[in-house]
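Trainee: Pasting a structure here, questions to come.
The values are calculated or read from the model by the stated rules, or taken from the named source; none is laboratory data. This is a predicted model, so every value here is computed, not measured. Cβ coordinates were reconstructed from backbone atoms using ideal geometry, including for glycine residues, and neighbour counts include every protein chain displayed.
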Amino acid sequence: MTDLERLVTQTITLLQKVQRTGDEDYLGTVALNLHSFYSGTERIFREIARTVDDSMTEGTNWHRRLLRQMSTEIADVRPAVLTEATRNTLDEYCAFRHVVRNVYTFDLRVNRIQALAAELPACYELFRQDTESFCAFLAAIT
């Protein structure tokens, strides 16, 4: 979580530089930070899927299926890790992660990067609240 928070802070700092200077060269790093943020959340989800759910998705669209898995309660195992609002927000970053991995940074849409970067603190806060609630559930059952 500390690393994710650090990514959010760095991303906002870079976004402010873009807005202040008009220098869009920072946007490639912003895009990579957005990618890294989602990848970090996904690592947490994979660990939950492996250790708590005992069920890891594979194959086509596994990223999206894993995100849905985290927003679904598993009867007699665990509550949903994510609220629907958090899942919907993270889904935007999941889709963007795919774009970053498959196009050149100079082909990325500037407005999309700026919008996602501006929303990152709110997304992180939703994610943090949901994961803290889930950790409280785990602490209560152990």
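Trainee: Considering each of D54, D3, D25, D91 in turn, give the residue that is surrounded by 15 or more Cβ atoms within 10 Å (Cβ to Cβ) and of a type in the set (D, E).
Mentor: D91
Trainee: Which residue, of E132, E92, E73, is touching a Leu at 6+ places or on another chain (Cβ under 7 Å) and charged (D, E, K, R)?
Mentor: Residue meeting the stated conditions: E92.
Trainee: Can you tell which of R128, R97 is closer than 23 Å to D53 by Cα, assigned to a helix (DSSP H, G or I) and touching an Asp or Glu at 6+ places or on another chain (Cβ under 9 Å)?
Mentor: One residue alone meets the criteria, R128.
Trainee: Can you tell me which residue is surrounded by the fewest Cβ atoms within 10 Å (Cβ to Cβ) among those in the stretch 28-51 that are among the aliphatic types (A, V, I, L, M) and more than 18 Å from T131 (Cα to Cα)?
Mentor: Filtering the stretch 28-51 for residues that are among the aliphatic types (A, V, I, L, M) and more than 18 Å from T131 (Cα to Cα), the one surrounded by the fewest Cβ atoms within 10 Å (Cβ to Cβ) comes out as L32.
Trainee: Name every residue in the stretch 95-126 that is modelled with pLDDT of 95 or more and touching a Phe, Trp or Tyr at 6+ places or on another chain (Cβ under 7 Å), in order of residue number.
Mentor: Scanning the stretch 95-126 gives L116, L120, C123.
Trainee: Could you list, in sequence order, all residues of the stretch 73-84 that are under 19 Å from the mean Cα position of the chain (by Cα) and surrounded by 14 or more Cβ atoms within 10 Å (Cβ to Cβ)?
Mentor: Scanning the stretch 73-84 gives A80, V81, L82, T83.
Trainee: If you go through the stretch 48-59 one residue at a time, do you hit one that is of a type in the set (G, A, S), more than 24 Å from P79 (Cβ to Cβ) and either at pLDDT 95 or above or in contact with a Leu (Cβ under 9 Å, 6 or more places away or on another chain) (or both)?
Mentor: No - not one qualifying residue is present in the stretch 48-59.
Trainee: Just name the residue that is surrounded by the fewest Cβ atoms within 10 Å (Cβ to Cβ) out of those in the stretch 94-113 that are touching a residue at least 60 places away in the same chain (Cβ under 8 Å) and under 15 Å from H35 (Cβ atoms).
Mentor: The residue in question is R101.
Trainee: Quick check on C135: is it exposed (fewer than 14 other Cβ atoms within 10 Å of the Cβ) and in a helix (DSSP H, G or I)?
Mentor: Yes: the conditions hold for C135.
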